[in-house]
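Beneath this line is the structure, given in structure tokens, with notes to follow.
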Amino acid sequence: MNRTTLENIQLIDIPKISDPDGRGNLSVIEKDIIPFEIQRVYYLYDVPSNSTRGGHAHIELIQCLIALSGSFDVVLDDGKNKKVVTLNRPDIGLLIPTGIWRELENFSSGGVCLSLVSDVYKEEDYIREYGDFLSFKNA
Ligand code: T46
């Protein structure tokens, strides 16, 4: 049984240090910024604008997505409701709890999605069929 809803999805402010001498910005992710222990980092890039990534939910994995460069849309679905979050700032993280179906689309040219996640890669943690996802949520 998994009762997470869209309300459990959060945007996280990532501290930004603007350089006083005009050398640009620096963001840092330290202990306590992300509410889980990061076990793996991966990133999506060179994604064609008409491609969709994701299209699945996770059983145990918690994830934080950051648009390091450019922008993309994240379509989030808890089995009852859907919403779209556009990520376009490297100082904002999207925290996705377990049991949320997600699809990433509309990548801009040069869009890079950084993903910080709570576990190593385990295919058995994926629900890749939408019907299975609905059964999982309604179990
Ligand atoms: C997610 C979205 C945002 C690995 O071998 N190790 C890894 O850590 C990952 C993430 C993937 N893979 C392999 C598994 C597939 O053969 O890379 C291939 C592509 O993976 P997938 O189709 O799952 O890629 P996306 O972009 O659809 O999904 C990924 C993550 O898997 C997923 O957790 O939320 O990015």
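Observations
- Only helices enter this figure: runs of n ≥ 4 DSSP H residues, each worth -39500 (n - 2.57), summed and divided by the residues of the chain, yield -2000 deg cm²/dmol at 222 nm to the nearest 500.
- All Cα-Cα distances of region 6-138, cut into 5 Å bins from zero to the largest, leave 2, 10, 19, 22, 21, 15, 6, 3, 1, 1, 0, 0 percent in each bin in turn.
- Cut-off under 5 Å, modelled amide H: who pairs with ILE14 long-range: ILE92, GLY93
- Cβ-Cβ distance of LYS122 and SER71, R₀ of 25 Å, FRET efficiency by 1/(1 + (r/R0)^6): the value works out to about 0.30.
- All lysines inside 22 Å of LYS31 as judged from Cα atoms, apart from same-chain residues fewer than 8 positions distant: LYS16
- Cα-based reach from LYS82 at 21 Å (exclusive), listing lysines while leaving out same-chain residues under 8 positions away: LYS137
- ³J(HN,Hα) computed for each position of region 125-139 - Karplus, 6.51 cos²θ - 1.76 cosθ + 1.60, integer Hz, glycine/proline x: 7, 8, 10, 9, 10, 4, x, 5, 4, 5, 5, 4, 5, 9, 5
- For region 97-139, the calculated P(r) over all alpha carbon pairs, in 5 Å bins from 0 to the bin holding the longest distance, is 5, 15, 22, 21, 18, 13, 4, 1, 0 percent.
- Contact order normalised by residue count of the chain, Cα under 8 Å, 6+ apart, percent: 36
- Between ASN106, ASN88, ASN50, the residue with the greatest mean-square fluctuation in the GNM of the chain (Cα pairs under 10 Å linked by springs) is ASN50.
- GNM on the chain, alpha-carbon springs under 10 angstrom: the most fluctuating residue among ARG40, ARG89, ARG23 is ARG23.
Read-outs: derived from the displayed coordinates by stated rules, not from any lab. These numbers were taken from a predicted model, which means no experiment stands behind them. Positions of Cβ are backbone-derived with ideal geometry, glycine not excepted, and every protein chain shown enters the neighbour counts.
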